[in-house]
Amino acid sequence: MMHKNMEKQYDDLGKYFVFDPRKLSVEEVFGDLNTFRNMFQQAVKENQKRKEAEEKIKRAKLAREKAEKEKEEKLKKNQLLDINAEGDETGIMDGLLEALQSGAAFRRKRGPRQAANHRRAGHAVTNILAKELMQEDTPSSSNLKKEKKKTEEKDEPKLEGAESLEELLDAAPSRSN
């Protein structure tokens with residue numbers, strides 16, 4: 001009974017796949033189906049790998065194009081900000097207006113040394129103003145002034161002997177260049 005059921009299902013399989021069940025054995029049919037399945041799975045994997053490789057190449061191309069575009073824009077901005085060294089004055093106003101509109105004219109890069117000198121100069125101005133105010137407010141306390149002066153000298157180095165605000169301001173433009 002099992003054998004007849006198996007033969008009936010094999011005949012139905014032959015009709016479904018359009019082959020003659022009397023000419024092909026069960027082993028040949030299932031061997032061919034197994035080979036087809038294996039080859040189909042391999043083709044699917046190869047297609048996935050190829051698709052991933054194409055996407056990777058596409059992403060790399062887009063990234064390269066984006067980097068080139070950013071580089072060109074950066075060069076263009078730098079060219080707009082630079083005044084022509086040859087003395088050619090065409091487009092200077094356009095360049096300046098573009099720099100003002102983009103905000104690039106307001107961005108200045110300072111090195112660590114310049115920033116430190118700027119902070120020190122600002123602190124020195126504050127110290128000199130405080131000294132002058134102290135001299136005007138309390139002329140009789142000379143010992144207190146000497147002690148404060150000593151502590152200020154220890155905390156903050158003097159800037160080229162500037163004792164007044166005027167001296168410091170006169171010296172400031174020469175340092176900024």
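The values are calculated or read from the model by the stated rules, or taken from the named source; none is laboratory data. In this text the structure is predicted, and so the values were computed from the model without any measurement. Backbone-built Cβ (ideal geometry, glycine too); neighbour counts: all protein chains shown. All accessible areas refer to the heavy atoms of the entire protein, side chains included, with ligands and DNA or RNA removed. Shrake-Rupley method; radii C 1.70, N 1.55, O 1.52, S 1.80 Å.
Any residue at all in region 23-44 that's over 60 Å from the mean Cα position of the chain (by Cα), open to solvent by 100 Å² or more (accessible area, probe 1.4 Å) and modelled with pLDDT under 95?
Scanning region 23-44, I find at least one residue that is over 60 Å from the mean Cα position of the chain (by Cα), open to solvent by 100 Å² or more (accessible area, probe 1.4 Å) and modelled with pLDDT under 95, so the answer is yes.
Do we have VAL44 as assigned to a helix (DSSP H, G or I) and touching a helix residue (DSSP H, G or I) at 6+ places or on another chain (Cβ under 8 Å) here? No; evaluated as a whole, the condition is false for this residue. Given the structure, is ASP20 free of Cβ contacts under 8 Å to residues at least 40 places away in the same chain, part of a loop (DSSP other than H, G, I, E, B) and among the acidic types (Asp, Glu)? For ASP20, the condition - free of Cβ contacts under 8 Å to residues at least 40 places away in the same chain, part of a loop (DSSP other than H, G, I, E, B) and among the acidic types (Asp, Glu) - is met. Can you pull out every residue in region 45-58 that is open to solvent by 100 Å² or more (accessible area, probe 1.4 Å) and aliphatic (A, V, I, L, M)? The answer is ILE57, and nothing else. Among the residues of this structure, ALA99 counts as one that is among the small types (Gly, Ala, Ser), modelled with pLDDT under 80 and either part of a loop (DSSP other than H, G, I, E, B) or surrounded by 10 or more Cβ atoms within 10 Å (Cβ to Cβ) (or both).
Within region 117-127, is even one residue of a type outside the set (S, T, N, Q), modelled with pLDDT under 70 and assigned to a loop (DSSP other than H, G, I, E, B)? No, region 117-127 contains no residue that is of a type outside the set (S, T, N, Q), modelled with pLDDT under 70 and assigned to a loop (DSSP other than H, G, I, E, B).
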